[in-house]
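Read through the structure below, which is laid out as structure tokens, and then see the notes.
Coordinate-derived values only; no laboratory data. All figures in this text were calculated on a predicted structure; none of them were measured in a lab. Neighbour counts run over all protein chains shown; Cβ positions are idealised from the backbone, glycine included.
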Amino acid sequence: MRIKDLLKKSRLVRETVRRRRLGGVHHDWTTMLGREADEWHRLKEQAAQGKAILLATSAGASGNGAVTNLESMLSVALTQRGAAVHLLLCDGVLPACQECDIGWYPDEGRFGREGPSRNHCDSCFKPAQNAYAALGLTVHRYSDMLTPEDFQAAERIAGDPPVADLRAFVWEGLNLGEQALAGALRYYGRADLSGRHVEEVTHRYLVAGLLTAMAMRRLLDQHDFAAVVAHHGIYVPQGIVGQVARERDVRFVTWHTAYRKRTFIFSHGDTYHHTMMTEPPDTWESMDWTPDMDRQITDYLRSRWWGFNDWVHFVGKPEVRVEALSKKLNIDLTKPTIGMLTNVMWDAQLHYPSNAFPNMLDWVLKTIAYFAKRPELQLLIRVHPAEVRGTLLSRQPIIAEISRAFPELPSNVILIPPESSAGTYALMEQCDSVLIYGTKAGVEVTSLGIPTIVAGEAWIRDKGITSDAQSEAHYTQLLDQLPLNARLTDEQVLRARKYAYHFFFRRMVPLETVEPHKGYPPFTLRLSRLADLAPGSDVGLDVVCDGILEGAPFVFPYEEQPEEVFS
């Protein structure tokens, strides 16, 4: 990240802290529940003997306050369904967490020595504490479950493991190293760790992981929870929360904002980064397919070119005119062209056993080297726009890494930078085939009939649609078959669209009370009475609550609902 970007981010950080302190960030539960105080008191008393559910919010400001907004709403909804809801917040005792990144703390040496500031922790904890206090439910704090001896032990146990060995760090059966490494990579916004103070920073995340594990074990000793719910399910502390829950055979549920507006992905047992890859195909392949379903998913996928039905889109006004793009980017459309779609390098750096390469960068560089020997083909690399337009800017731009390895790019390789307004899907439609590592765009391009080769952990992998590389040698064999000069078969396209329908419409659960909001927080709650969250009031909310309480699948019956109209 450039200095001017860091300064800009620092100004945004100060404004964020100021706005958090002013309040108004989270839903006004005090006013709403005050109007129905007797009914809310009755519901809480009735639920006191019900299944105990822990919503392990931990970082109250995570997602710019979105986590507390959603989990406070789930707390009320679950209470109405007879659950004894508990909540968990970090009150500033962890020495590092997901809320820390180099934008907040550009001086990595100081962060390595001192960790997050008290002001930062207070601006995260106190608004969430106030929001939860209005509910009158049981709120646990990390400090309640940690002793001075725990902090000393965590420092001692963490020791000074080499950064290269961090992923393999295991404590009492818990693989804390992977989550600590993911947290440190997220802090740096890089896919590898390099810098003068890396040892101090990674040590902080490892100590924080140990403290989280100690606190969660103690909390689960004290309460018999039927389920633990956590945002994301990776990084520190949420990833450690999940590890301890699984260790104790407590059902673990993760959630994350999805792609379509007002929708969320909930998963059982692990982060959706893993569960979307391992989900059995029989959850979607046997759907009775209709022309209306085909039209709905086709219309939605087309809308993604502009993103007006989605929470986030990275290119405001994409250029989709093919002739203009080919002229501007110097693409020779008479030449067989292979598309390549990258990911943000630092994001969700977890272990995936199916990867043919150790990491995405290795895949990119070796693919370029391969195409340098195939001058009759053209490789079109679209760098992910989120590198420069995402919530956390990448400090390891892939173009810089490519330039380091290839000072002179092969003449048949074209790089489209992340800031380009080029329409990704319009370009991929012009390609013979597409190469991906882990991007969800594989779900979309296969639905367009474009043959796709998967080298990493993409969710479209192992669905009977793509060519999945099992090793680097196998990947090379797949490349040797290019160009394919053919689209996917009708059967493959149908299968791809079924999966896309399942992925975008059934696994992304809409919640009617959520209202997208520009700025801070990213969404608000559109409700004014308890009845808005009662059983039967919202099909999506019923799906979520049944999943948390009973372990039911987090699958929304979209095909049974009134048709949604895309504009």
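Among the GluC sites (Glu not before Pro) found in the range 464-567, those both in a DSSP coil and sparsely packed, with 14 or fewer other Cβ atoms within 10 Å of their Cβ, are Glu563, Glu564. Looking at the chain, the DSSP beta bridges with both ends there are about 25 percent antiparallel.
With a Förster radius of 35 Å, plug the Cβ-Cβ distance of Glu319 and His197 into 1/(1 + (r/R0)^6) and report the FRET value to the nearest 0.05. That pair, Glu319 with His197, gives E of 0.25. From the coordinates of this entry, Rg and Dmax of the Cα atoms in Å is computed, and it appears in (i) 23.0, 71; (ii) 25.0, 91; (iii) 23.9, 75 under the label (iii).
Each of Val207, Val139, Val241 was scored by other Cβ atoms within 10 Å of its Cβ. Listed from fewest to most, they are Val139, Val207, Val241. Averaging the Cα positions of each part gives two centres, and for the range 110-183 and the range 222-255 these lie 15 Å apart. The helix-only estimate of mean residue ellipticity at 222 nm for the chain, built from DSSP H runs of length n ≥ 4 each weighted as -39500 (n - 2.57), is -12500 deg cm²/dmol after division by the residue total. Amide H contacts under 5 Å for Ser58: Leu88, Leu89, Cys90, restricted to partners 5 or more places along the chain or on a different chain, H placed in the peptide plane at 1.01 Å from N.
When the Cα positions of Ser420, Ala405, His384 are compared along the charge dipole of the range 289-504, Ser420 comes out farthest toward the positive end, with charges on each C-beta of Lys, Arg, Asp and Glu.
Panel order for Thr334, Thr283, Thr367, Thr489, by other beta carbons found within 10 Å of each beta carbon, from fewest to most: Thr334, Thr489, Thr283, Thr367. Simple point charges give the picture: +1 on the Cβ of Lys and Arg, -1 on the Cβ of Asp and Glu, and for the range 418-567 a dipole about the Cα centre of about 140 debye. Each of Glu99, Glu200 was scored by other Cβ atoms within 10 Å of its Cβ. Listed from fewest to most, they are Glu200, Glu99. Put the Cα centre of the range 275-307 next to the Cα centre of the range 484-550 and the gap is 12 Å. According to the calculation over all Cα-Cα pairs in the range 289-504, the P(r) per 10 Å bin from zero is 8, 35, 41, 16, 1, 0 %. When the C-alpha to C-alpha distance is required to be over 25 Å, the pairs from Lys328/Lys498; Lys366/Lys440; Lys261/Lys498; Lys440/Lys498; Lys261/Lys440 that qualify are Lys328/Lys498.
The modelled label-to-label distance between Val312 and Gln222, using points 7 Å beyond Cα along the C-beta direction, is 3.4 nm. Each Lys and Arg adds +1 at its Cβ and each Asp and Glu adds -1 at its Cβ; summed about the Cα centre, the range 200-332 shows a dipole of about 660 debye.
Taking every alpha-carbon pair under 8 Å whose residues sit at least 6 apart, the chain reaches a relative contact order of 15 percent. A DSSP coil position with no more than 13 other Cβ atoms inside 10 Å describes the following GluC sites (Glu not before Pro) in the range 402-465: Glu408, Glu419. Which residue, chosen from His517, Thr489, Gln477, occupies the Cα position most advanced towards the positive end of the dipole of the range 401-560, where the dipole is computed from +1 (Lys, Arg) and -1 (Asp, Glu) charges on Cβ about the Cα centre? Checked the options; the winner is His517. Take every Cα pair under 8 Å whose residues are at least 6 apart in sequence, average their separation, divide by the length of the range 289-504, and the relative contact order is 24 percent. Computed about its Cα centre, the charge dipole of the chain is approximately 1820 debye, with only Lys, Arg, Asp and Glu carrying charge at their Cβ.
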